[in-house]
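These notes concern the structure reproduced below.
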Amino acid sequence: MRWIWQQPGWPDFRYDKSALEDRELAFRINSERLAGSFDALPVASQEDATIDLMLTEAIKTSAIEGEDLDRESVRSSLLSLITSETLPGNTDQKAAGAASLLVDVRKNWRSSLQGELLGKWQSMAVTEQRYTSIVRGAYRNDPSPMQIVSGPYGREKVHYEAPPAIQVPDKMAKLIDWYNQTSPLGGDKAIPGIARAGIAHLWFEVIHPFDDGNGRVGRAVADHALSQSLGYPTTACLATAIEADKKSYYLQFEKASRASLDVNVWLDYFADTIIKAQEIAREEVDFVLAKRRFYEAYGNQLNDRQARMVSRVFAEGRKGFEGGITTKKYEAITKCPNRTASRDLSDLVAKGIIIPLPGGGRTTRYELVTVEPAQSGLTRK
């Protein structure tokens, strides 16, 4: 027997509940604090924070699978879906799909898990493509092995092989039944949130029920489970935390997929990742607060070009504007000549709105100042 789904007793996973108690408690406390931070924001800033969190997640969950999404396209899709529940006609399909998945998981957190819901999520994660045999919205049916491999052609290394397609419907039915029975929203066998989310995610990925999109849908299942455990949509940035160290993620999955039904090691890794995901969410909320303080302090001191540049910098999120602000970048963003760009930047420096970065070489680079709470002072961002 090579894979976990071939073990006797599958899928009766075993784990030590007491080993997760401290992180289960930390997850709940962190969630309450994050919810409190959201509630303290003005309504418009709450929307900004929600979009920023989902924007990061949409981009990172696709990045894990090797797809690069246009940040502004995803932001536009999220804004449209959240405010009007519709998408513009000319929307980038991959960006729209990633945004739709995040919004739908958040919208349907109370729902029981069903094959139809998972199929809908997979259709969102995997956009329609011509000249491909990938099945969308339904379980895979190709009789050839579903494998995760690496390495050059002819010397591939098989990291994992999923159950044959003919077994998928039955195995998914058992997962769905377990998931709904262990739900805190009406199941009669409820289990703690992190354990349920971690087992559900591993179980789903082990089955690998779809031709494509399994990683993105599997992370959506984990978010769904965490939201149900809290009683409101989770703000934990799970995909962002995983993408930050995806080698560890793949290593832990490979180990778990070859191991016994004892999943303590997997859940230990997953629990730590959830706590990191909450730390990222807190940083995102802090970023929204910092942006609000900046505009309160300096918003009325910016001309139209300067405001456009500042907006572009903040659109990059908490990681900031790569390489800093330069005269050349300012020209490109604002579509102004070099002389105007230099004058605008000098004006911003004089007002204390931007400051030079050290070690700029021949080209001076700048960054926005950070306005501390209660105007207690200014520091570099």
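Values in this text are rule-based calculations from the coordinates and carry no lab data. Just so it is clear, the model here is predicted, and its values are computed rather than measured. Note: ideal-geometry Cβ built from the backbone for every residue, glycine included; neighbour counts use all protein chains shown.
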> Which FRET efficiency value, to the nearest 0.05, do you get for Gln129 and Arg33 by plugging their Cβ-Cβ distance into 1/(1 + (r/R0)^6) with R0 = 51 Å?
Replying inline: 0.75
> Radius of gyration and Dmax for region 117-225's Cα atoms, expressed in Å?
Replying inline: 15.1, 50
> How much length, in nm to one decimal, is gained on full extension between Asp304 and Ser346, taken as 0.36 nm per residue of separation minus their Cα-Cα distance?
Replying inline: 13.6 nm
> What is the Cα coordinate range of region 4-286 on the first, second and third principal axes, sorted by size from largest, in whole angstrom?
Replying inline: 54, 50, 35
>> Helix 214-230 against the longest principal axis of the chain: what's the angle in degrees, Cα atoms only, rounded to the nearest 10?
In response: 80 degrees
> Using 0.36 nm per residue, how much length does the chain from Asp272 to Lys174 gain when fully extended, once their Cα-Cα distance is taken away?
Replying inline: 32.6 nm
> In terms of the Cα gyration tensor, with a ≥ b ≥ c the square roots of its eigenvalues, is region 83-176 rounded because a/c is under 1.5, prolate because a/b exceeds b/c, or oblate?
Replying inline: oblate
> When the Cα centres of region 321-367 and region 124-149 are compared, how far apart do they sit, in Å?
Replying inline: 47 Å
> How many nm separate the modelled label positions at Val149 and Gln6, each set 7 Å beyond the Cα in the direction of the Cβ?
Replying inline: 1.7 nm
> Direction-averaged shadow area of the convex hull around the Cα atoms of region 12-67, nm²?
Replying inline: 6.2 nm²
> Does anyone have the angle between helix 115-125 and the longest principal axis of the chain? Alpha-carbon axes, 0 to 90°, nearest 10?
Replying inline: 40 degrees
>> For region 302-380, report the % of Cα-Cα distances exceeding 14 Å.
In response: 61 percent
>> On C-alpha positions alone, give me the angle between the axis of helix 43-63 and the longest principal axis of the chain, in degrees, nearest 10.
In response: 60 degrees
> Helix-derived [θ] at 222 nm for the chain: sum -39500 (n - 2.57) over DSSP H runs of at least 4, divide by residue count, nearest 500?
Replying inline: -18500 deg cm²/dmol
> Pulled fully out, how much extra length does the chain show between Tyr232 and His159, if you take 0.36 nm times their separation in residues and subtract their Cα-Cα distance?
Replying inline: 22.7 nm
>> Give the lysines whose C-alpha is closer than 24 Å to that of Lys171, dropping any in the same chain fewer than 8 places away, or say none.
In response: Lys120, Lys189, Lys255
